[in-house]
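**Student:** Starting off with a structure, shown below.
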Amino acid sequence: MSDPLPFWKRKSLSAMSRAEWESLCDGCGRCCLHKIRDEDTEEIHFTNVACRMLDTQGCGCRDYANRRDHVPDCVQLKPRMLAALDWLPPTCAYHILARGGDLPDWHPLVSGDPESVHRAGISVRGRAVSEREAGALEDHVVTWPGRWPPASRKAGQATRAAAAPVAAPVAAPAAAGAKPPMKASPKTNVKTGQRKAG
Ligand code: SF4
Ligand code: SF4
């Protein structure tokens, strides 16, 4: 008898248990980077500036259970929110599955190894700077959090093809080094939580 399909292929996001939902997070840390929304165009620009609570090497929240005590605007993702969000990284498992894709081969649920997300160049390890040290967000606009690393392109292409028919307003990030007319403020700065409760 063949093995049953893994839960993320059998269940909708809203039907998953809390443990299943949480396990979808690959621990990349990309969603804990600050984003800037252009107030004129609504376009999202990623930065390499991490939330003060992110361990930029381990890529996890330093106090996940109590994170909103430290960062009140840390967003708690829920299945019903996913279709409308335009600031999740395209590599995020929640973003992928909400658009009909499958988990890529570097995802720990597929590889069986939590380090695979780092080896594949998906995580922020070694590439993020804490907001405590960064200075102006506008000086840290980068494109890589909005892209698939070349080494993962094969998996990414398959997933993106599945995602294509769904209207997903994920804005293209700015070119590297570009400084579009944008402001960082509590209103325009988008920050998300890393691991989510369903
Ligand atoms: S929720 Fe954040 S850390 Fe988890 S997979 Fe998505 S982008 Fe990565
Ligand atoms: S989960 Fe929330 S509080 Fe923790 S590092 Fe990420 S954005 Fe910051």
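The values are calculated or read from the model by the stated rules, or taken from the named source; none is laboratory data. What you see is a predicted model, and the numbers here were worked out from it, not measured in a lab. Neighbour counts run over all protein chains shown; Cβ positions are idealised from the backbone, glycine included.
**Student:** Taking segment 22-54, which residues are over 23 Å from G135 (Cβ atoms) and either of a type in the set (G, A, S) or not in a loop (DSSP other than H, G, I, E, B) (or both)? Spell out how you get there, then give the answer.
**Tutor:** Here is the first cut: in segment 22-54, the residues over 23 Å from G135 (Cβ atoms) are 22-28, 40-42.
E22, S23, G27 - these are the residues of segment 22-54 that are over 23 Å from G135 (Cβ atoms) and either of a type in the set (G, A, S) or not in a loop (DSSP other than H, G, I, E, B) (or both).
**Student:** Still on this structure, please answer the following. Test each condition in (1) away from ligand 1 (no atom under 12 Å from the Cβ); (2) over 14 Å from the mean Cα position of the chain (by Cα) for G121 and report the one that comes out false.
**Tutor:** So the condition that G121 fails would be (2).
**Student:** Within segment 60-67, is even one residue closer than 20 Å to M16 by Cα and within 13 Å of ligand 1 (Cβ to nearest atom)?
**Tutor:** There is no residue in segment 60-67 that is closer than 20 Å to M16 by Cα and within 13 Å of ligand 1 (Cβ to nearest atom).
**Student:** Please verify whether segment 60-67 includes one or more residues that are part of a helix (DSSP H, G or I), surrounded by fewer than 21 Cβ atoms within 10 Å (Cβ to Cβ), touching a Cys at 6+ places or on another chain (Cβ under 7 Å) and touching a residue at least 24 places away in the same chain (Cβ under 8 Å). Break it down into steps so the answer makes sense when it comes.
**Tutor:** So in segment 60-67, the residues part of a helix (DSSP H, G or I) come out as 64-67.
Filter once more, so that each one left must be surrounded by fewer than 21 Cβ atoms within 10 Å (Cβ to Cβ): 64-67.
From the residues that got through so far, the ones that are touching a Cys at 6+ places or on another chain (Cβ under 7 Å) too are 67.
Next, from what is left, pick out any that are touching a residue at least 24 places away in the same chain (Cβ under 8 Å): 67.
Within segment 60-67, one or more residues are part of a helix (DSSP H, G or I), surrounded by fewer than 21 Cβ atoms within 10 Å (Cβ to Cβ), touching a Cys at 6+ places or on another chain (Cβ under 7 Å) and touching a residue at least 24 places away in the same chain (Cβ under 8 Å).
**Student:** Among (1) in a loop (DSSP other than H, G, I, E, B); (2) closer than 27 Å to K9 by Cα; (3) away from ligand 1 (no atom under 13 Å from the Cβ), where does Q57 come up short?
**Tutor:** Q57 satisfies all of (1) in a loop (DSSP other than H, G, I, E, B); (2) closer than 27 Å to K9 by Cα; (3) away from ligand 1 (no atom under 13 Å from the Cβ) except (2).
**Student:** While we're on this one: It is to be established whether one or more residues within segment 73-88 are touching a Leu at 6+ places or on another chain (Cβ under 6 Å), modelled with pLDDT of 95 or more and not in a helix (DSSP H, G or I).
**Tutor:** no
**Student:** Can you tell me which of (1) surrounded by 14 or more Cβ atoms within 10 Å (Cβ to Cβ); (2) touching a Pro at 6+ places or on another chain (Cβ under 8 Å) is the one S12 doesn't meet?
**Tutor:** For S12, the exception is condition (1).
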